[in-house]
Amino acid sequence: MDAAQRLAINLYYPGCLSLERKRATADTISIWVRPADMRAAYTRRSWTNAEDRILLELNSPTAAAEELGRTVQSCNLRLWRLRTGQAPIPSDQ
């Protein structure tokens, strides 16, 4: 809903030319508030060169997960991608 809300606000600004039913829906979306018990959508966290170097140095998804604050599965998949060439090996910089 957060992304839909931002989109509706940008597309259906005050005074814009629009169909009434679409404008009414946009108004409804714009006043929506996330319920307290509803978690926000997960936002992707990209891997940095420094994290890649730590992962390769430790060579253990479990140890890297603890060190980097990521899940073991995330570290395991990234390590596999680095080893198979699907992700570039980080430079020394």
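Rounded, prolate or oblate: pick one for the chain, where a ≥ b ≥ c are the square roots of the eigenvalues of its C-alpha gyration tensor, a/c under 1.5 means rounded, and failing that, prolate if a/b is larger than b/c, else oblate. Prolate, since a/c reaches 1.5 and a/b exceeds b/c. Here the spin labels are modelled as points 7 Å beyond Cα on the Cα-Cβ line, and at I31 and Q73 they lie 3.9 nm apart. Here the chain is scanned for chymotrypsin sites (Phe, Trp or Tyr not before Pro) in DSSP loops (not H, G, I, E, B) that have at most 13 other Cβ atoms within 10 Å, and the longest stretch holding none of them is 43-93.
So what is the calculated 222 nm ellipticity per residue for the chain, using -39500 (n - 2.57) for each DSSP H run with n of 4 or more, over all residues, to the nearest 500 deg cm²/dmol? The helix contribution divided over the chain gives -16500 deg cm²/dmol. Between S18 and T43, the modelled labels are 2.4 nm apart [label points 7 Å from Cα along Cα→Cβ].
The numbers here are math on the coordinates, done by the rules we state, and not lab data. Quantities reported herein were computed from a predicted structural model and do not represent experimental measurements. Every residue, glycine as well, gets a Cβ built from its backbone with ideal geometry; the counts of neighbours run over all protein chains shown.
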